[in-house]
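Scroll down for the structure; my scribbles are underneath it.
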Amino acid sequence: MSQKTIKRQTKAIHTQFARRDAYGAISMPVYNTVAYQFDDAKTMSDAFCGRIEAPDYSRVENPTVTYFESKVKAITGATHVTAFNSGMAAIASTFIALAGNGKNIVASKHLFGNTFNLITRTLARFGVEARVCNMNDVEQLRSKIDDNTCCVFLEAVSNPQLEVADLQQIAQVAHACNVPLIVDSTAIPFTETHLADFGVDIELVSSTKYVSGGATSLGGLVIDYGTVPGFHERIAYEILFNLGSYMTPHAAYMQTLGLETLDARYRVQSANALKLAKKLQKLKSIKSVNYIGLPDNPYYERAQRQFGPTGGAMLTIDLADRDACFSFLNRLQLILRATNLFDNKTLAIHPASTIFGNFTNRQLSEVDVKQTTIRLSVGLEDVNDIFKDIKQALG
Ligand SMILES: *Cc1c(COP(=O)(O)O)cnc(C)c1O
């Protein structure tokens, strides 16, 4: 069957190896090797200079990682996919490829804590200016972009605020100024939606989350749709070589297995999250339930239009105050007190005191992270068991 006509999920299972395995292995072997021997000096030179497709050193290329990348490429239809050893490595490498002294990044004010710190602290030390923006305010966005803007950056669904940006509108504003739109799409798997259709130029994914599934390994993906001139060359011939944050073969092996079951897991976890959100809305001790799959959520229509009928596995609940959140966490019996998202197991965390633990109260309010919020990542357990645990933990 032609690779062109088969569906995304079939590609996730049946992407062929670049070379036939000597033993006909049906699971991609883990090539735990740093270097590769060449038949002669000419072939060696050709490989090093990119004239032939062959790995030479595993800091920049490895067959197990290439296989993982090729599956993501087949699923997304991207022109280039590069795997990194964490989501942060993928994000940092992308910014370092695009930015430079005197440039600015126009970024959503609702960002994953480490990404926020990367832009506002780490990159700031190298002369890159962070321009934090309310992505729901198109005029504000337009006013922040200038000739030195290297990209507009946001998260498809922000964590933990669960804000859904209007991608098409933001892409129009960015592209009118010749600026690429970079989106962290960790919260919505690329097996589910095709963000390039909405004008996204580069997707960044923490594959630690949905792709790995069982919290087996860290990983990050740069999914490049080929619309930013010179970007791929920077990543492939400069960043991978000079920064050295390529994915390891063992992680690629585990993430390849995770990718094969991603679609199935996502469907069950999303269904669980929706059922749970509806049940939680009826509990009096919960002040509010925030889930983009609930029809009364302000972002429901936009999420359905951009991401399809499933709302994902992340939701938040608000309790009376910080003490109520801590007591709730302490009483949980089944749900794990842990960070991470989209694990097979249900996880709960109080973002204000952990992921955003180094923020002052003023900074917390600027990024809309509340002391009353508990974030839940809904797993693959029986949904009634998850609900019972939450109910008993509320006291
Ligand atoms: C977890 C996460 C990251 C960072 O990914 P790591 O793999 O932990 O480095 C970045 N963005 C979002 C939205 C995340 O949830």
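What is the angle, in °, between the Cα long axis of helix 249-280 and the longest principal axis of the Cα atoms in the chain? Nearest 10 is fine, range 0 to 90.
It works out to around 20 degrees.
List the GluC sites (Glu not before Pro) in the range 12-104 that DSSP assigns to loop (not H, G, I, E or B) and whose Cβ has at most 14 other Cβ atoms within 10 Å. Which are they?
GLU53
What accessible area, in Å² to the nearest ten, does a 1.4 Å probe give for LEU243?
Result for LEU243: roughly 90 Å² accessible.
Relative contact order for the chain: what is it in percent, counting Cα pairs under 8 Å that are at least 6 residues apart?
16 percent
Once you place label points 7 Å from the Cα toward the Cβ at GLN333 and HIS175, how far apart are they in nm?
Rounded to a tenth, the inter-label distance reads 5.4 nm.
Take the Cα coordinates of the chain, assign each an equal point scatterer, and use the Debye formula without solvent to give log10 I(q)/I(0) at q = 0.07, 0.08, 0.09 Å⁻¹.
-0.33, -0.43, -0.54
Rounded if a/c is under 1.5, else prolate if a/b beats b/c, else oblate: with a ≥ b ≥ c from the C-alpha gyration tensor eigenvalues square-rooted, which is the range 92-220?
It comes out oblate by the Cα gyration axes.
Normalized C-alpha radius of gyration of the range 306-395, against 2.2 N^0.38 Å?
Its radius of gyration relative to the 2.2 N^0.38 Å reference: 1.12.
Return the percentage of antiparallel bridges among DSSP beta bridges fully within the chain, rounded to the nearest 5 %.
55 percent
Kindly count the pairs of lysines across the range 198-346 whose alpha carbons are less than 23 Å apart, treating pairs on different chains or eight or more residues apart as eligible.
Close lysine pairs found across the range 198-346: 9.
Can you tell me how the range 1-43 classifies by the Cα gyration tensor, rounded, prolate or oblate, using a/c under 1.5 as the rounded cut?
Judged from the Cα gyration tensor, the range 1-43 comes out prolate (a/c at least 1.5, a/b above b/c).
Averaged per residue, what accessible area in Å² does the range 161-306 show with a 1.4 Å probe, protein chains only?
Roughly 38 Å² per residue, with all protein chains present.
In square angstrom, rounded to the nearest 10, how much accessible surface does GLU233 have for a 1.4 Å probe?
Rounded to the nearest 10, that gives 100 Å².
Return the carbon/sulfur percentage of the accessible area of the chain, one whole number, probe 1.4 Å, all protein chains in place.
Carbon plus sulfur share of accessible area: 52 percent.
Could you put LYS279, LYS71 in order of accessible surface area, largest first, with the 1.4 Å probe and the full protein assembly present?
Listed by decreasing accessible area, they come as LYS279, LYS71.
Mean residue ellipticity at 222 nm from the helices of the chain, using -39,500 (n - 2.57) per DSSP H segment of n ≥ 4 over the full residue count, to the nearest 500 deg cm²/dmol?
-10000 deg cm²/dmol
If you line up the long axis of helix 87-98 against the longest principal axis of the chain, both from Cα atoms, how many degrees apart are they, to the nearest 10?
60 degrees
With the other protein chains left in place, how much accessible area per residue, in square angstrom, belongs to the range 30-146 at a 1.4 angstrom probe?
45 Å²
The values are calculated or read from the model by the stated rules, or taken from the named source; none is laboratory data. Because the structure is a prediction, the values reported are computed rather than measured. Note that we place each Cβ from the backbone using ideal geometry, even for glycine, and neighbour counts take in every protein chain shown. For accessibility, only protein heavy atoms count, side chains too; no ligands or nucleic acids. Shrake-Rupley method; radii C 1.70, N 1.55, O 1.52, S 1.80 Å.
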